[in-house]
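First comes the structure, then the notes that go with it.
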Amino acid sequence: FEVVPAEGVPAIVGRLGEISSAWLESKKAREKGFSLGRFDPAYLARTPVAVIRRDGPIVAFANLWTTPDRSELSIDLMRYGPEAPREVMDHLFLELMLWGKAEGYRRFDLGMAPLSGLDSRQLAPVLSRAGAIIFQHGEDFYNFEGLRRYKEKFRPAWEARYLAAPGGLALARVLADATLLIGGGVKGVLGK
């Protein structure tokens, strides 16, 4: 495990690109965007990058988001290559949490688990029930339940996050626009 400072990232960005391409191919996925990191060498060179090496070569990485006051540490883009051990991301997260503590960070943010925790009871608001249904049955479009399960093993303190938007048909348009931004356009949303 090593944290490469931003100024050292250009020297390893070629290897990071190889890992990213292999990861996308293995997942039969396209790059996302907007609320999720995407592989962009210029963007990665602006943040420190945590790497896991196996017998020398880098096999996994994540770029870091840090707060100037060291109140919080988080990651954005994380990828691993085909030669990485099965539990490499667990290892990366644990190492980052230990590194962050040693560096004086007070909190590690695992990020969101979209649509989890919505009320699906009959008397719940329609949009809450719709979101709960998407969470339960939307695995073809996004790994909602798997992401929640993965993060749950670290026993996080979950905090609700909300999207403020007008109601009615305008809300549907806002949600569709956000989906297109995150998915990288229509092809990114409809194709894996």
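Just give me the residues in segment 1-57 being free of Cβ contacts under 8 Å to residues at least 40 places away in the same chain, closer than 19 Å to Gly111 by Cβ and hydroxyl-bearing (Ser, Thr, Tyr), in sequence order.
Once the filter is applied, which keeps residues that are free of Cβ contacts under 8 Å to residues at least 40 places away in the same chain, closer than 19 Å to Gly111 by Cβ and hydroxyl-bearing (Ser, Thr, Tyr), segment 1-57 yields only Tyr43.
Looking at segment 4-21, is at least one residue within 30 Å of Ala176 (Cα to Cα), of a type outside the set (Phe, Trp, Tyr) and touching a Gly at 6+ places or on another chain (Cβ under 7 Å)?
So far as segment 4-21 goes, no, none of its residues is within 30 Å of Ala176 (Cα to Cα), of a type outside the set (Phe, Trp, Tyr) and touching a Gly at 6+ places or on another chain (Cβ under 7 Å).
Output the residues belonging to segment 133-177 that are outside any helix (DSSP H, G or I), within 20 Å of Asp90 (Cβ to Cβ) and at pLDDT 70 or above.
Lys153, Phe154, Arg155, Pro156, Ala157, Trp158
Checking the structure you have, find out if any residue of segment 20-29 is assigned to a loop (DSSP other than H, G, I, E, B) and under 15 Å from the mean Cα position of the chain (by Cα).
yes
Any chance you could count how many residues in segment 63-118 are part of a loop (DSSP other than H, G, I, E, B), touching a helix residue (DSSP H, G or I) at 6+ places or on another chain (Cβ under 6 Å), modelled with pLDDT of 95 or more and open to solvent by 60 Å² or more (accessible area, probe 1.4 Å)?
Residues that pass the stated criteria total 1.
I'm checking my understanding of the structure. Among residues of segment 1-55 that are open to solvent by less than 30 Å² (accessible area, probe 1.4 Å) and small (Gly, Ala, Ser), which one is modelled with the lowest pLDDT?
Gly33
The values are calculated or read from the model by the stated rules, or taken from the named source; none is laboratory data. Keep in mind that what you see is a predicted model, and the values were worked out from it rather than measured. Glycine gets a Cβ as well: all are built from the backbone with ideal geometry, and neighbour counts include every protein chain shown. Protein only, heavy atoms only, side chains kept; ligands, DNA and RNA dropped before computing areas. Shrake-Rupley method; radii C 1.70, N 1.55, O 1.52, S 1.80 Å.
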